[in-house]
Structures are given as structure tokens and as C-alpha cells.
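The values are calculated or read from the model by the stated rules, or taken from the named source; none is laboratory data. The structure displayed is predicted, hence computed values, not measured ones. Don't worry about glycine lacking a Cβ; one is built from the backbone with ideal geometry, like all the others, and counts go over all protein chains shown. The protein model used for the area step is the full one, side chains on, heavy atoms only, and it has no ligands, DNA or RNA in it. Shrake-Rupley method; radii C 1.70, N 1.55, O 1.52, S 1.80 Å.
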Amino acid sequence: MSPSPSSSSFEKAKEAMAMATSVAASMMLVRSLATELLPSEARTLIASCFAGVRTRLSWRYTITIEQNDGWYTNRVFSAARTYLATRLGASAGVRRLRLSGGIDDDFDDDKLVLGMDEGEDLVEDFQGAEFTWCLYAQEQPAGSGDHTKHMVTGRVRKLYLELSFHKKHKEKALKAYIPHVIATAKAIRDKERPLTIWMNDGSDWEPMDLQHPSTFDTLAMDSDLKKSVIDDLDKFVRRKAYYKKIGKAWKRGYLLYGPPGTGKSSLIAAMANHLRFDIYDLELTGVDSNSQLRKLLVEMGNRSILVIEDIDCSMEIKKRKKKKTSADGDKKKKLPRNRKPASDPKRDDEKVTLSGLLNFVDGLWSTSGEERLIVFTTNYKERLDPALLRPGRMDMHIHMGYCTREAFRILVRNYHSVEDHVTFPEIDELMAEVPVTPAQVAETLMRSEDPDSALRDLIELLKSKKDGNNQDKEEEEEDDGDEDDSSDDEEEKEKDDDS
């Protein structure tokens, strides 16, 4: 009796399964023996050979990005990991994540960082092409002086990333996708990196963490002026190629002027936080010579803001007046033959001069760095030399005035989270008559945590200022009247004398 077709198929399947099981068992035995008998270098070589064969036969390309490039950290690897940390939420294929974060006194949830775990794949679509990332680890013998080696085995674990894609997308990967990854990572790090404020001590810079909370959102400033400043800053950082094309140093100057307490320093901090630029706060009174000034300015880093506050008080940079010439002044005095002119302990060329400062602002030394802002502040713009104010040196002049209705609304929202209040019309009317700085308004609003009480205090402040102004006007009018009466008496006396 011949076997049925169904029983014959079952037997074939059974034989195939037995063969597959035997092959799998043999491969596991070979792998086990290879792991025990072969050194890791030989295993790595064999794996690389198989990977090379697989790559030649495959329709995909694979790029390996190692953690270290010789003695140095591979910046492309660091950039790729930073970029991938932002893509984990969009990729549903990643099941295992690695959580890290610094543990210190200031630790908070914002410092938690998610990353890919070893062996996980992340697939991303970019401009219609599919790119697959995978993170691997490999043990290697530790080199001399390698502090990351294992205490027992004396070996180190080296991480590397593999980026694979269809071979038809090779051009897009190299010229579009990888530059996109690096640029995105750079933007992320620039945004998250801590800022530093540098202060000069003689001819040296001393660093300090910059943690000023001022931003353009919290800055008490008219919206139109604020928008124009933000747009100007954003346009500046985008125009590296443009500045190179026109042959100008990649820098821009801002002059902030207005009464004390109008927010000039807060605006500088908001600019630094917006661009993620470090601040170099230059105190000119602590600089002894042009050469010392040049050393300080050359040592500044890129992506930074040079700040000179109250420049009209820092040095003699006021309006230069033409010197009167005289016949005596044109003649040189003759000295005795054996007498030498008295030596000045501090020669003119050793002093900090306006020309020395301007030479850095827009002279040859202005090209010693790039992507820099130069910010001068003053309470009295009219006192400055016109040579300092012309375009190319101070490109944008920003007037920081007294508190306006819009600035007041921002301050109330910042300090008390109040959008509207019954006292606003009265305060607006008083502010239109009385000049008050944002600093005075902010200080008054901070006196009480109760919005009603704080706004009542502000009304009292404005009324007292208004009364004081009226009293000053009355006193001035009385003084003018007294002067008129005295002049009339003198005229009558002169008439009597004439008669």
C-alpha cells in the first residue's frame, strides 16, 4: 500500500526540521568553541570578513562611525548620538533606551538624557530615503594610559554606530543627511550649553557662570522695538557667507542709550540667552594701554558679545573739540644743548585711546574673530564722539526709554501673572504724565505678593512723583517771577538815575 500524499509531506517536513535543528546545533557548537578557543582579535577579524562579504552582496551601504578616532574623540559620533537622542520619540522601533544624567546639587529633570541601548535599531525617513542607525559595543585591548579599561580584564569597551541605507541614496547620505545630523546636533548643543560671563582683571579674562534669567519674553520693552532687535540678531547669525562675500568682518555693533534703570543690562542678557553667546564684560578703567586692550580683545572667543557699559564714563571718548592754534603754540621751544626733554612716565601711545578702541571695532584687528556682537551702553548719547557712532561701528542704535503702557503690562504679567485689572486705566493715565523707569515699576511690584496691594503701591508712587513734578514746576515759575521783578526794579532804578 503506497503512502498517502499527506503523510509523505509530513515526513519531508519532519526531515527538514531535523536537518535545520542539526545545523543550528552545529553552528551553536562552532560558535561556542570559537568563543572559548579563539582570541577576541580573531573573532573580530572573522566577523569583519563576513560583514564585508555581506556588504558586497547586499544592495545596502553601511557607514561605521567609531566613538574614538585614534587618540581623539570622534566629533561625528558625538553629534550623531546627540541627534539620535531627539529622534527616539518619533521612532516606534526602539524598545530599549538608556537613561543618563549628572547627579549633583543642581540636578533636575531637565538634565535627564535618553539614548539608544546597544543592539537597538532606529529607522528614520529623510527626504524620501530610509536611513537605519544601530549602536554596537566592542571590547578591545586597553592602550597605555587608558583610564576607561576594566579593572579585572584590562580591556576597554568601544562604542560605534552603523548607518545603513540603500546604495542609490549614497549621494544624499553624504551630502545632505549627515550634514543635517551634524548641523542639528550643533544647534542643540549651542542651545543647551552653559553660558559664561568673562570679566577682565588687568590684561587677563576671569570666567564666571552666566545664569541671568532675562529673555525677550520677559523683557519690559515695546513689542515693535523688541521684534526689530530679534530680527536683526537672527539675520546676523544667518549671514556668515554674506559677510565673507562682501569682504567684511562677521560682527555687528549695538548702542544702547537711555536713562538709568531702563533695562539696558537686561537687554544684553536677553541677547546672550537668545543667541547662546558668551559675554565679555570689559572694564576699560582697568586697562592700562592699547597693547593690553588689544591682547584682551584678541583672546575673546567666537560667538560672543563684547560689552562696554557706560562708555562715556569709562574713558575720554567724548566729542573731540578742535584745538585753538596760536603763534606761540606753533613755535617750538628750544632746549639747551645738554638738556633732554622730560620723559612722560606714561607715553601717549601707551594710553587707552579712542583710536585704539576703534581699530578693534572696525580696523584690521576686527577680523581676529567672527560671529561677535559689540555692545556699548551710555546714559548720555550726546556726549559720545560721532566717530564712535557711525554705521559700521555702531550699526543699530536702541533707545531704552521710560516705562510705557505695554512694558508695564509685561512687568505685571511677569511678577503677578495678571492680564487685566481694574487699576490699569488709572495707572496708564498716570504713566502718560509721569516719567518712571521699568526698574522703579518692577521694584514696586515686588514689594507685595498680593497683586491688589502691589498695584495700589504703584499708584501711590506715580501720584507722589506727579505731585513732586508739579511742585518743582511751581518753584521754577516762582524763581522766574522773582527774576522778572528784579529786572523790572533795575529798569525803574536806571530810569530814575537818568532823570
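Ranked by the mean number of other Cβ atoms within 10 Å per residue, highest first, peptides 424-436, 396-408 order as 396-408, 424-436.
Descending by average beta-carbon neighbour count within 10 Å, the peptides 205-212, 129-136 line up as 129-136, 205-212, the highest first. Go through Lys264/Lys381; Lys295/Lys351; Lys170/Lys240; Lys235/Lys295; Lys381/Lys463; Lys235/Lys381 and tell me which ones have a Cα-Cα distance over 22 Å in this structure. Where the Cα-Cα span goes over 22 Å, the pairs concerned are Lys170/Lys240; Lys235/Lys295; Lys381/Lys463; Lys235/Lys381. Measuring nothing but alpha carbons in the stretch 171-241 and taking Rh as the Kirkwood radius, the Rg to Rh ratio lands at 1.11.
At the residue level, Lys463 shows approximately 100 square angstrom of accessible surface with a 1.4 angstrom probe and all protein chains present. In units of the compact-protein estimate 2.2 N^0.38 Å, the stretch 190-285 shows a Cα radius of gyration of 1.19. Residues of the stretch 251-291 with backbone nitrogen within less than 16 Å of a virtual label 7 Å along the Cα-to-Cβ line of Tyr242, please, listed as ranges. Inside the label zone: 251-253. The listed peptides 14-25, 73-84, ordered by packing as a protection proxy, come out as 73-84, 14-25 (highest mean of other Cβ atoms within 10 Å first).
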